Amino acid sequence: MNAPLLIFLAFVALTLAITAWAARRSSGAASFFAAGRRITGWQNGLAVAGDYMSAASFLGIAGLIAFNGYDGFMYSVGWLVAYLTVLLVVAEPLRNAGKYTMADILAYRLSPRPVRAMAALATLTVSTFYMIAQMVGAGALVSLLLKDSGISYTTAVTGVGLLMIVYVVFGGMLATTWVQIVKAVLLMAGTLLLSVLVLGHFGYSFAAFFDAVAHVRYTVNGLPVEQDFFTPGLKYKPPYGALDLISLGMALIFGTAGLPHILIRFYTVPDARTARVSVVWAMAIIGAFYVMTTFLGFGAATIVGRDFITTHGGINMSAPLLAQALGGDTFFAFISAVAFATILAVVAGLTISASSSFSHDFWSNVVHHGSPRGPYEEVRVARITAFVVGVVAIALAILLGPGANVAFLVGLAFAVAASANLPAIVLSIFWKRFNTAGAVAALGAGLASSILLILIGPSVRGPANALFPLENPGIVSIPIGFAAAVLATLASGDRTSEAKFAELQVRGNTGLGAEKPTAH
């Protein structure tokens with residue numbers, strides 16, 4: 001049995017043990033959906049980081065920097081700065097005013113049924129596209145790394161899907177949280193060690209490292225090229241490159257504060273102060289990680305080389321191939337297992353987000369008007385939903401195949417979150433006049449515009465046939481979401497939502513009446 005498979009199996013065994021432990025402690029709705037609200041600040045900070053640092057971060061950004069230099073590094077900047085919006089705008093009021101899902105804060109002073117129905121649709125859309133991207137990446141990665149073990153793409157996708165179903169169905173949020181914590185620790189350890197090895201390769205001299213980055217050699221159409229990787233423009237080329245980069249930054253910075261699987265993490269802590277502490281922990285961990293991705297990406301470009309990466313698995317294999325070059329096959333197996341752990345943790349978070357929203361928002365509050373039949377019905381429906389979502393994600397990932405363009409799926413998730421979810425959340429918290437019509441319009445227009453612009457953009461139609469020139473629609477769809485919210489609110493004569501605005505402000509800022517921790 002080869003080293004990668006052994007390390008993979010060891011991680012799977014550890015996470016299944018965590019799930020078995022958590023299953024004995026997930027007896028009620030608060031335990032299943034919010035881990036009993038007993039996760040500490042540093043634990044939730046690690047879990048948030050584990051939920052956020054996806055395969056797109058670890059494998060994708062390292063690859064983008066290895067192939068596009070400075071332009072790839074700009075992805076890291078967007079993902080890092082994004083948590084300032086979460087910290088300063090949504091973390092505290094969300095924890096104080098909500099219960100299990102993003103829609104709770106919208107339903108606090110707006111008409112619950114229409115906003116919950118639209119919020120559930122937006123949550124399922126974001127989670128599904130994000131999850132399919134992770135599953136396709138998982139299948140391609142695992143089948144490539146374990147090809148000597150005879151594991152195919154279909155088998156890899158099915159295995160990842162079944163594991164995430166087990167985590168969520170049996171362990172709930174508690175198991176998901178600890179899987180994310182373990183993943184975050186492994187990812188940071190692996191990234192730190194790999195960064196140190198990169199510097200060691202250059203004699204721990206930043207001057208030597210930067211000089212190598214300024215003289216990266218590779219071939220283009222069979223001809224040798226030497227490129228300064230600190231020069232902008234390798235990916236974002238004129239005439240729309242700068243605009244596309246700004247649009248991407250907007251989607252990342254504003255989209256993070258609207259990602260459902262990130263937002264529900266703040267319900268797992270006992271109070272708003274702990275929510276703020278957890279965001280600070282997450283920012284520190286995420287910040288350190290994205291700084292180190294520069295060593296991974298530039299290290300891969302200078303030590304491994306673009307040409308070698310291209311012929312040995314492609315851009316997403318940049319970090320694992322760097323690990324192999326610097327630490328041999330065992331370190332390669334460890335970094336590959338970390339990438340696998342990254343995917344498992346993120347898809348588990350996405351699954352519990354989607355199942356919580358369907359069960360709590362749509363089933364209990366839309367279908368049954370806020371009165372579920374029996375105390376455990378929400379949990380039962382959530383578990384069934386997790387199973388269905390998992391099966392659908394497996395089927396779609398297999399159908400799309402390993403060659404699918406997953407970049408636009410991740411972009412769509414952030415674009416929908418920024419264009420639909422964030423306007424509704426922010427205006428509900430800070431604008432007294434905001435009403436149900438505005439929330440429904442924001443969610444509907446943001447959702448529709450972001451999907452439409454990506455479908456007619458170059459990610460789907462190709463640069464030559466694109467009707468919209470930008471890969472990232474945020475610069476257009478985010479203003480559309482806010483504009484729809486404002487116009488629909490002003491056009492509507494409904495002012496009933498104003499009555500509870502002061503109450504929301506008091507509860508959001510003080511925590512009076514907020515959900516308390518429960519025993520496991």
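Quote to one decimal, in nm, the extra length available between LEU9 and ASP307 on full extension: 0.36 nm per residue of separation minus the C-alpha distance between them. Mind dumping the intermediate values first?
Working: separation 298, 0.36 × 298 = 107.28 nm, distance 3.17 nm.
Full extension from LEU9 to ASP307 adds 104.1 nm.
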| task | Compute the distance in nm between two label points, each set 7 Å from the Cα along the Cα-to-Cβ direction, one at ARG380 and one at ARG24. | result | 2.6
| said: Assuming 0.36 nm per residue, please report the length gained on full extension of the stretch ALA288 to TYR240 beyond their Cα-Cα distance. | reply: 14.2 nm
| remark: Each label sits 7 Å from Cα toward the beta-carbon; between VAL196 and THR330 the label points are separated, in nm, by 1.5
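What ratio of Cα Rg to 2.2 N^0.38 Å holds for the chain?
Ratio of Cα Rg to 2.2 N^0.38 Å: 0.95.
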| field | FRET efficiency estimate (nearest 0.05) - Cβ-Cβ, VAL367 to VAL391, R0 25 angstrom | value | 0.70
| said: Whole angstrom only: what separates the Cα centroid of the range 471-497 from the Cα centroid of the range 1-76? | reply: 34
| query | How high is the relative contact order of the chain, in percent, with contacts defined as C-alpha pairs under 8 Å that are six or more residues apart? | reply | 31
| field | Under the Karplus curve 6.51 cos²θ - 1.76 cosθ + 1.60, θ = phi - 60°, whole-Hz ³J(HN,Hα) for the range 197-210, x wherever Gly or Pro sits | value | 5, 4, 4, x, 4, 9, x, 6, 10, 5, 4, 5, 5, 5
| message | Quick check on the chain: helices-only [θ] at 222 nm, where DSSP H runs of length 4 and up contribute -39,500 (n - 2.57) each and the sum goes over total residues. Nearest 500, please. | response | -22000 deg cm²/dmol
| Label LYS147 and LEU512 with points 7 Å out from Cα along Cα→Cβ: what is the distance between them in nm? | 6.5
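The numbers here are math on the coordinates, done by the rules we state, and not lab data. Predicted model, so just to flag it, every value in this text is computed and none were measured. For neighbour counting, all protein chains shown are included, and Cβ atoms are generated from backbone atoms with ideal geometry for every residue, glycine included.
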